[in-house]
Amino acid sequence: MALDTSPQSPAPVRQIANAISGWVDRLGAVWVEGQVAQVSRRPGVGTVFLTLRDSVADISVPVTCSRVMYDGLNPPLVEGASVVIHAKPSYYATRGTMSLYAREIRMVGLGELLARLEQRRQLLAAEGLFDQARKRRLPFLPGKVGLVTAPNSAAERDVLENARRRWPAVAFEVRHAAMQGTRSAAEVMEALDRLDRDPTVDVIVIARGGGAVEDLLPFSDEGLIRAVAKARTPVVSAIGHEPDTPLLDLVADVRASTPTDAAKLVVPDVGQELAGIAQARLRMRQAVGGRIHQEQSRLDQLRSRPAMADPRSLLDARDAELVALRERARRTLRHALDRAADDIGHHRARARALSPLATLRRGYAVVQDDDGHVVSSVDGLAAKQRISVRVADGRIAATITAATPDPTPPTVHEEDEPA
């Protein structure tokens, strides 16, 4: 129903916005076809925000849906997928914007295809087929390069010409296979198997010069992906389609953006390698020359030392030191011997002074009876008893004629008493 307005009685903005909101509400739920341009999942929010773009015109509309419905989609929804949405249009009068609240989302056409490829990618990734730990390093200079490509294709020419331009002596083993169509995956797997069983092939390149998404479907075939994963020879994927990544790029040991890039990856540049060898030789010469110069400087320093100019000077100095040490040792020994001789003389004199013979030499004698007992008193002696007198230089045998005691025996002082 049209609004009755005029320049004299215009409708306020709120009335127009509310009218539009009412008209949109009366539209009810509709089915809308488009392409998912953007997906936004905010943490902690139960609503997922999408942008649905028209596949022909430059028109887009925001779409909201519940997180439960979005997470329950199988295959999962990805950006770029074509979908059909059953949604209720809503017009927000306060902001002047319209959006769709999705009640159901279905994949269609290419979008469904991409979604199924994404589901396959997730399943194979869960098995570990795309792990970086499985990737193998390419040989620096392969003895022979295996190439799987279409016969007489631009990809074949790019790989062969660029590789031979970089390293003219490189050898190739080319196996042709269909690069699109229903037989493509089987033929590529057969060619890959034959090259992988060839012990002379060090690296395998699978090359195709790009194409539409539908043309690249064989390179996301699960059988081909598993064959590449089980191959013993390193595999380079050179499909040459940047916007869309086939699963072959993920499972291959190395991904090349184009067949030309693959040629640069599998063989080195002979010019760069020769330049590197020349630089290495120059650095080695400089290093060896510097070492020789350093050692020559050390040798010159050693030769310039006085000891090297006259080696006998060191011996003469040590000889003088040896003579001085020998003389000092002799003097020290002589002094020690003199002190020892003096000590011996002192000890000898002291021992002699304490010896009983010294007393006997002063005129004293020791009288002993026949039994060898020392006679210290006249008591017990009788006339005609034999005795022995010990003097300094011998013994005298005698016979007692008489033994007369002293009338006044000597007094024994305390200091003379035995201890």
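A few remarks follow.
- Here the relative contact order of the stretch 130-250, from alpha carbon pairs under 8 Å that lie six or more residues apart, stands at 28 percent.
- Rg in Å to one decimal, and Dmax rounded to a whole Å, for the stretch 1-48 via C-alpha atoms: 17.9, 51
- Loop-located chymotrypsin sites (Phe, Trp or Tyr not before Pro) in the stretch 78-167 (DSSP state other than H, G, I, E, B) with a sparse environment of at most 15 neighbouring Cβ atoms within 10 Å: F140.
- Surface composition of the stretch 256-380: carbon and sulfur atoms hold 56% of the protein heavy-atom accessible area at a 1.4 Å probe.
- When the chain is described by a simple charge dipole with +1 on each Lys and Arg Cβ and -1 on each Asp and Glu Cβ, the residue from S99, A383, S40 located farthest towards its positive end is A383.
- Check: the chain dipole with +1 on Lys, Arg Cβ and -1 on Asp, Glu Cβ, in debye: 1060
- Residue-level accessible surface for M98, protein heavy atoms, 1.4 Å, Å²: 80
- Rounded to the nearest 10 Å², the accessible area of D319 at probe 1.4 Å: 90
- Cut-off 18 Å (backbone N to label point 7 Å along Cα→Cβ of D54), residues of the stretch 22-45: 30-38
- Distance from the stretch 376-392 to the stretch 126-152 (C-alpha centre basis), Å: 133
- Coarse-grained scattering of the stretch 1-117 at q = 0.19, 0.23, 0.24 Å⁻¹, given as base-10 log I(q)/I(0) from a Debye sum over alpha-carbon atoms: -1.00, -1.30, -1.38
- Sorting S99, S257 by accessible area puts them as S257, S99; the probe is 1.4 Å, largest comes first, and only protein heavy atoms count.
- The residue list A185, V84, A150 was ranked by how far each Cα lies along the charge dipole of the stretch 83-201 toward its positive end, using unit charges on Cβ atoms, and V84 comes out on top.
- Residue order for W31, W167 - accessible surface, 1.4 angstrom probe, largest first: W31, W167
- When the P(r) is computed for the stretch 167-243, the part past 16 Å accounts for 50% of the Cα-Cα pairs.
- Long-range Cα-Cα pairs in the stretch 236-382 (distance over 19 Å), rounded percent: 83
- Evaluated with a Cβ-only charge set (Lys, Arg +1; Asp, Glu -1), the stretch 18-168 carries a dipole of roughly 700 debye about its Cα centre, given to the nearest 20.
- FRET efficiency, L360 to A340 (Cβ-Cβ, R0 35 Å, nearest 0.05): 0.70
- For the stretch 352-374 versus the stretch 286-343, the gap between their alpha-carbon centres in whole angstrom: 67
- Once the C-beta distance of D370 and V323 is scaled by a Förster radius of 56 Å, the resulting FRET efficiency is 0.20 to the nearest 0.05.
- Note on E79/H176: beta-carbon distance plugged into 1/(1 + (r/R0)^6) with R0 of 56 Å gives a FRET efficiency of 0.95.
- Distance between modelled label sites at R348 and R330, nm, 7 Å Cα→Cβ extension: 2.6
- On the principal axes of its alpha carbon atoms, the stretch 57-140 extends 65, 27, 24 Å, with the longest extent given first.
- Rounded accessible area of L138 (nearest 10 Å², 1.4 Å probe): 40
- Mean separation of Cα contacts under 8 Å, 6 or more apart, over the residue count of the chain: relative contact order %: 9
- Rg over Rh, two decimals, the chain (C-alpha only, Kirkwood Rh): 1.77
The values are calculated or read from the model by the stated rules, or taken from the named source; none is laboratory data. Bear in mind that the values here come from a model prediction, so they are computed numbers and not experimental data. Heads up, the Cβs are rebuilt from the backbone with ideal geometry, glycines too, and the neighbour counts pull from every protein chain shown. Remember, those area values only see protein heavy atoms, side chains included, never the ligands or the DNA or RNA. Shrake-Rupley method; radii C 1.70, N 1.55, O 1.52, S 1.80 Å.
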